[in-house]
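The values are calculated or read from the model by the stated rules, or taken from the named source; none is laboratory data. None of these values were measured; they are calculated from a predicted model. All Cβ positions, glycine included, derive from the backbone under ideal geometry; neighbour counts span all protein chains shown.
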Amino acid sequence: MVFIPRLLAAVGFLFGLTLAQQDLLAFQDGISEYKLADTVTAPEIWVSAGDFPAVIRTARDLTLDFGRVVGVNGTLKEFDQLPGSPNGTAPIIIAGAVGHSTLIDKLVDAGKIDVSEIDGKWESYTTALVEHVTSSIPWALVVAGSDKRGTVYGLYDISQRIGVSPWHWWADVPPKTKTGIWVRNARKVQGPPSIKYRGFFINDEAPALTGWAEKNFGLTPSGRPFNSEFYKLVFELCLRLRANYIWPAMWGSAFYVDDEANGRLADEYGVVVGTSHHEPMARSEREQQQEVEGNWDWIDNKEEITEFFEGGVERAKNWETMYTLGMRGSGDAASPTLTADSLVEIISVQQSLLEDILNKNLTDIPQTWVLYKEVGRYYQSGMKVPESVTLLWTDDNVGNLLRTPLANETDRQGGAGVYYHFDYVGSPRNYKWINTIQLVKTWEQMQLAYEKGAREIWIANIGDIKPLEIPTSHFLDMAYDMSNHADPDSTTKWIHQWAAAEFEERIAERTVQILSTYGKLILRRKYELLSRKPFAYSVAYYDEAEAVLAEWTDLLNLAQSTYNSLPQSTRTPFFEMVLHPVLAGKTVVELYIKAELNLWRHRQRRTSTNQLATDVQNLFLEDQAITSRYHSLKNGKWDRMMTQTHIGYDNWQEPAENTIPTLLYHGEDNVPKSGIMGVSVQGSNFSFPGDPVPTLLPMDPYMPSSEQRYLDIFTRNNGSFSYSIASSEPYVTISNSAGTLSTTENISDIRSIIKVDWNAAPAGSTEVGLKVAPSNAPGSWPITFNLPVNKRSVPSGFSGYVESGGVVAIEAEHYNKHEEKNDLYYVVIPHYGRTLSGVKLWPVTADSQSPDTAPKLTYTFHTFTELEKARLLVFLGATLNHDPSRVLRYAFSIDGGAPVIVQPVPTTPMGSEPSGWTDAVIAGGWTSASTIELSNGSHTLDLWILEPGVVVQRLVVDVGGYRQTSLGPPESTHLG
Ligand code: REL
């Protein structure tokens, strides 16, 4: 009996290396003989008294995490030397940083642990089961870190694996309780992280985070809400997310001044503190305003500003700090006086101060220059930046990278990084209410940045922290270990793992569906932009508005039923992170769609206009109720966190209060200009009687299954009437072909859907009359609508997409043929973009291509209409020309003709937006159109993506039927 575990241990030792990265911990009896904890015993955690305070503090957190999971806290023990024998019988964890922990160093010297793979590396650790620690310590779980944060991450890795979420406090994720925890005889090696400095910027923090913090932590002597009690929670979150870097809140706040403990505590926790792009030298914007005598203008006020810089370094010199260098104008604006030469001077003064005060080589001092907005222009114009400074490239504030390191910039000593936004205040509209991030879009851009060598710093603007839990986790997980995010489907996998860890495996796949759909729906239009005219979604064409609302409704049903299936304990975090954005988001989208329908129906003089107005008012109240529900969670723990206004934007800046959109009422002044009966038809803004009666949109056998033709019969006045609809041909039928509408019975609108029996319909084009005849409707008269019925057929054996209604729409991933070339090929990024997915050239390190060198995608389609100026529309991601020498390009050819090369995003100087940018970011992507020559018949379309930054989502061939909408026509029917 004794022999077997020993044998297992020996086998484990042999397997130790091959099992290197496997999870060390097991939660079932019988897997290992090494029990670390159960409901009556939790481990002692031994640290060296001389180790970093960050290590000792995290070890204390881990003792509490055991309590959270098994009900008994662990015990922290600090020693000067490794004791020969334990005091009691509790299992032991020994943790420490190599070279800073006498305990770990002793084990290394004695050959008990192998630190060769982590020694000297940045933020790495090894965790291993060590047997025969001493003659009286039979075994211990040992965490050896290469440095302080390496050890911290090793300890928090145990926390996470036993069942404590990084979001246990910030999103109320309950611990996954256990009755026993065992250690396998294995070893894990982790690190260094993919990105050296990884973190977040708390920004745009009023009213939500500010109000919440003020309520919970009171005000500091300087009258600000963000004291060290608040920051302790932020630091812990940062480290549990395996990040190491923050830019503190700065709207009127001054991190180092508001609470003098802030800087010291950050260092004790092990968090590197920086400042935002316009706050150089570890000093806040508020200090710029309050401490600098004279102007914040280098040319005018050099001496005073130099002294101010000096003060920042003096104050932060004993703490781990990332110094933001350079300078901008006052208050996050371009300076009217700065030139590239003066910036060179500023950076040189800043570096001299750093060298002198810190007494270190510049290469050992973390420094960054953030190339935000206009700042990039100085660099682009040839400005020389010292090698030791990290160039921090940025996105366009809405997630599209402006620049990635060029080939000749990748070996700079200071390297490069990315400042990325999940929240923003500015044009075209702020977005700072709830999560509006498509995770896979973040992956696409950050994977590109990583492969292009931006690996020194990644920092994300995460607004109020709380509403952005998921994008933050995703971003920081990528930054920590990009090897888990190398493939196009890695975001889908990440969501699965994240959901299984935060909630449970059972709902992981559904959460993938929820978050992927949410990302797609929110990419189409951020909430803040829904008040913009023309309205985002067409109410007339392709039934777009109704279809979008139906997608939100399905999404909410899925999220709600998933929530309902959860035990009480995980409902709250699921609500906070998943259900709330879906529910609150759907409510706002529905409010705007119904407000638009209200205006539309008012034009048509429908009595149901008023019901829509009531619906909108109810949705407005519902939005308030959802906010209150959020605020009442956990007995008011998150009160004020959702106070951000979000309805009624009329410019880029947020409205002072949520304002209901304009609503119109069907009243005495607009009834009745005709009798009680009104009719409207699918695909038109018109209604009848009144407007000229149009021919209905044609029907053909290849209409996409989601497309319908219908008539809406409605009341234009209070009262009742009956109607009947007669078709002139038997092969055209209509649902609800007779009926009675009555406002007193609340039947104000009836939809009649047209059907064609294609077997019975004659070949070719015919016109069928649909006569709507009212009865008991004084003042109303019959109206006949003509329906073109086009019975067409494609040549037999044709395989591909077929025109209907003057368009052919194809999702890019639905190609007929994929020819790989020169080790390059195309990958599908699932759930990318606005409709289905994205297609991208792979690998992203590929050089610029031409149609001769690039792999090729071929699509086949058939058109019936001949149009002199047909068009090819390519729907793309919102990516930008991130390499000035390699603008985004794709090429296409029709029927084997000469390839046409297209540059979808205009060239622009660094720091200014390309023309069309506003429309592209509002719509969530670029649409580029080329005129093509196309006879009717069967065709091939070849597509080459010539730069890896291009992501193609859909292709639409317009032979005259295209209607301008957000998403374009539904995908065409595919034959064969
Ligand atoms: O999102 C950004 O990067 C900027 O808008 C902010 O950093 C900016 O500094 C703002 O909060 C105000 O000062």
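Check the range 440-449 and report whether any residue there is free of Cβ contacts under 8 Å to residues at least 60 places away in the same chain and not in a helix (DSSP H, G or I).
No; the residues of the range 440-449 include none that is free of Cβ contacts under 8 Å to residues at least 60 places away in the same chain and not in a helix (DSSP H, G or I).
Checking M322 against (1) within 30 Å of K441 (Cα to Cα); (2) more than 16 Å from the ligand (Cβ to nearest atom); (3) crowded, with 20+ Cβ neighbours inside 10 Å, which single condition isn't satisfied?
Condition not satisfied by M322: (2).
Please tell me if P467 is part of a helix (DSSP H, G or I) and either within 16 Å of the ligand (Cβ to nearest atom) or not β-branched (V, I, T) (or both). Even if it seems obvious, please write down each step before you answer.
Numbers: part of a helix (DSSP H, G or I): yes; either within 16 Å of the ligand (Cβ to nearest atom) or not β-branched (V, I, T) (or both): yes.
For P467, the condition - part of a helix (DSSP H, G or I) and either within 16 Å of the ligand (Cβ to nearest atom) or not β-branched (V, I, T) (or both) - is met.
All but one of (1) in contact with a helix residue (DSSP H, G or I) (Cβ under 7 Å, 6 or more places away or on another chain); (2) over 22 Å from W652 (Cβ atoms); (3) away from the ligand (no atom under 16 Å from the Cβ) hold for L406, so report the exception by its number.
Only one criterion is unmet by L406, namely (1).
Could you list, in sequence order, the residues of the range 37-88 that are of a type in the set (S, T, Y), part of a loop (DSSP other than H, G, I, E, B) and more than 16 Å from G163 (Cα to Cα)? Write out each step before concluding.
Pass one, the range 37-88, residues of a type in the set (S, T, Y): 39, 41, 48, 58, 63, 75, 85.
Now narrow it down to the ones that are part of a loop (DSSP other than H, G, I, E, B): 39, 41, 85.
Once the filter is applied, which keeps residues that are of a type in the set (S, T, Y), part of a loop (DSSP other than H, G, I, E, B) and more than 16 Å from G163 (Cα to Cα), the range 37-88 yields T41, S85.
Being surrounded by 22 or more Cβ atoms within 10 Å (Cβ to Cβ) and part of a helix (DSSP H, G or I) narrows it down to one of E576, E622, so name that one. Give the steps one after another, and end with the answer.
Details: E622 fails: surrounded by 22 or more Cβ atoms within 10 Å (Cβ to Cβ).
So the residue among E576, E622 that is surrounded by 22 or more Cβ atoms within 10 Å (Cβ to Cβ) and part of a helix (DSSP H, G or I) is E576.
Contact list please: Cβ distance under 8 Å, first residue in the range 898-916 and assigned by TED's automatic domain parsing to the domain that holds A929 and modelled with pLDDT under 95, second residue in a loop (DSSP other than H, G, I, E, B) and among the charged types (D, E, K, R), pairs at least six apart or on different chains.
From the range 898-916, the pairs are M910/R403; G911/K373; G911/E374; E913/D396.
Any idea which of (1) surrounded by fewer than 16 Cβ atoms within 10 Å (Cβ to Cβ); (2) within 22 Å of K112 (Cβ to Cβ); (3) at pLDDT 90 or above is the one D23 doesn't satisfy?
(3)
Is it fair to say S483 is modelled with pLDDT of 95 or more, buried (at least 17 other Cβ atoms within 10 Å of the Cβ) and small (G, A, S)?
Judged against the criteria, S483 is not a match.
Could you tell me which numbered condition S330 fails, if it satisfies all but one of (1) touching a Pro at 6+ places or on another chain (Cβ under 8 Å); (2) within 16 Å of the ligand (Cβ to nearest atom)?
So S330 meets the others, but not (1).
Quick check on S348: is it away from the ligand (no atom under 16 Å from the Cβ) and of a type in the set (S, T, N, Q)?
Details: away from the ligand (no atom under 16 Å from the Cβ): yes; of a type in the set (S, T, N, Q): yes.
For S348, the condition - away from the ligand (no atom under 16 Å from the Cβ) and of a type in the set (S, T, N, Q) - is met.
Please go through the range 674-695 and pick out each residue that is in a loop (DSSP other than H, G, I, E, B) and over 41 Å from the mean Cα position of the chain (by Cα).
Within the range 674-695, the first condition is being in a loop (DSSP other than H, G, I, E, B), and the residues that meet it are 674-676, 682-686, 689-694.
S674, G675, I676, P689, G690, D691, P692, V693, P694, listed by residue number.
So which of W552, W494 is at pLDDT 95 or above, over 30 Å from D919 (Cβ atoms), out of contact with any Phe, Trp or Tyr (no Cβ under 7 Å at 6 or more places or on another chain) and not assigned by TED's automatic domain parsing to the domain that holds Y156? Working first, answer last.
Working: W552 fails: over 30 Å from D919 (Cβ atoms).
Only one candidate qualifies: W494.
Would you pick out the residues in the range 652-685 that are closer than 30 Å to P225 by Cα and touching a residue at least 12 places away in the same chain (Cβ under 8 Å)? Step through it out loud before you land on a result.
Looking only at the range 652-685, we keep the residues that are closer than 30 Å to P225 by Cα, and these are 652-659.
Scanning the range 652-685 gives W652, Q653, E654, E657, N658, T659.
So which residues in the range 917-951 are out of contact with any strand residue (DSSP E or B) (no Cβ under 8 Å at 6 or more places or on another chain) and not small (G, A, S)?
Listed by number, the residues that qualify are W917, T918, D919, V921, I922.
Restricting to the range 902-936, name every residue that is surrounded by 15 or more Cβ atoms within 10 Å (Cβ to Cβ) and among the hydrophobic types (A, V, I, L, M, F, W, C).
Scanning the range 902-936 gives V902, V905, M910, W917, A920, V921, I922, A923, W926, I932, L934.
Tell me, please, whether a residue that is in a loop (DSSP other than H, G, I, E, B) and modelled with pLDDT of 95 or more can be found in the range 131-148. Spell out how you get there, then give the answer.
Here is the first cut: in the range 131-148, the ones in a loop (DSSP other than H, G, I, E, B) are 135-136, 146-147.
Those still in the list that are modelled with pLDDT of 95 or more too: 146-147.
Yes - at least one qualifying residue is present in the range 131-148.
Hey, among E355, E304, E314, which residue is free of Cβ contacts under 8 Å to residues at least 60 places away in the same chain and more than 17 Å from E279 (Cβ to Cβ)? I'd like the intermediate steps shown before the answer.
Working: E304 fails: more than 17 Å from E279 (Cβ to Cβ); E314 fails: more than 17 Å from E279 (Cβ to Cβ).
Checking each option against the conditions leaves just E355.
Output the helices (runs of 4 or more DSSP H) that fall wholly within the range 219-314 and possess 2 or more residues being away from the ligand (no atom under 16 Å from the Cβ) and hydroxyl-bearing (S, T, Y), or say none.
Numbers: elements: 228-240, 255-258, 261-269, 285-291.
Correct list: 228-240.
Could you list, in sequence order, all residues of the range 788-818 that are in a strand (DSSP E or B) and surrounded by 17 or more Cβ atoms within 10 Å (Cβ to Cβ)?
Restricting attention to the range 788-818, the residues satisfying the condition of being in a strand (DSSP E or B) are 788-791, 800-802, 804, 807-811, 817-818.
Within the range 788-818, V789, N790, K791, G800, Y801, V802, S804, V807, V808, A809, I810, E811 meet the criteria.
Cβ contacts < 8 Å: first residue without any contact (Cβ under 8 Å) to a residue 24 or more places away in the chain, restricted to the range 276-292; second residue more than 10 Å from the ligand (Cβ to nearest atom) and among the charged types (D, E, K, R), any location; separation 6+ or different chain. Result?
As it stands, the answer is E291/R283; V292/E304, since those pairs meet every condition given.
Mind counting the residues in the range 776-787 that are part of a loop (DSSP other than H, G, I, E, B) and in contact (Cβ under 8 Å) with a residue 40 or more places away in the chain?
So the first thing to find is which residues in the range 776-787 are part of a loop (DSSP other than H, G, I, E, B), and the list is 776-782.
After this cut, where a residue has to be in contact (Cβ under 8 Å) with a residue 40 or more places away in the chain as well, the list is 776-781.
Total satisfying the criteria: 6.
In the same structural domain as D356 (by TED's automatic domain parsing) and within 28 Å of the chain's Cα centre (by Cα): is that true of T324 in this structure?
Details: in the same structural domain as D356 (by TED's automatic domain parsing): yes; within 28 Å of the chain's Cα centre (by Cα): yes.
Yes: the conditions hold for T324.
Got at least one residue in the range 136-155 being at positive phi and without any contact (Cβ under 8 Å) to a residue 12 or more places away in the chain? Show your work before the answer.
Of all residues in the range 136-155, those at positive phi come to none.
No, the conditions are met nowhere in the range 136-155.
Does S938 fit the bill of being at pLDDT 95 or above, part of a strand (DSSP E or B) and in contact with a His (Cβ under 6 Å, 6 or more places away or on another chain)? Steps first, answer last, please.
On the way: at pLDDT 95 or above: yes; part of a strand (DSSP E or B): yes; in contact with a His (Cβ under 6 Å, 6 or more places away or on another chain): yes.
Taking the combined requirement at face value, the residue satisfies it.
From the set of residues in the range 892-901 that are surrounded by fewer than 20 Cβ atoms within 10 Å (Cβ to Cβ) and of a type outside the set (D, E, K, R), which is nearest to V921 (Cα to Cα)?
I901
If a residue must be outside the structural domain of A97 (by TED's automatic domain parsing), over 18 Å from Y153 (Cβ atoms), in contact (Cβ under 8 Å) with a residue 60 or more places away in the chain and not in a helix (DSSP H, G or I), how many such residues does the range 167-210 contain?
The qualifying residues number 6.
Output the number of residues of the range 373-390 satisfying the condition of being crowded, with 20+ Cβ neighbours inside 10 Å and within 30 Å of K526 (Cα to Cα).
Here the count works out to 3.
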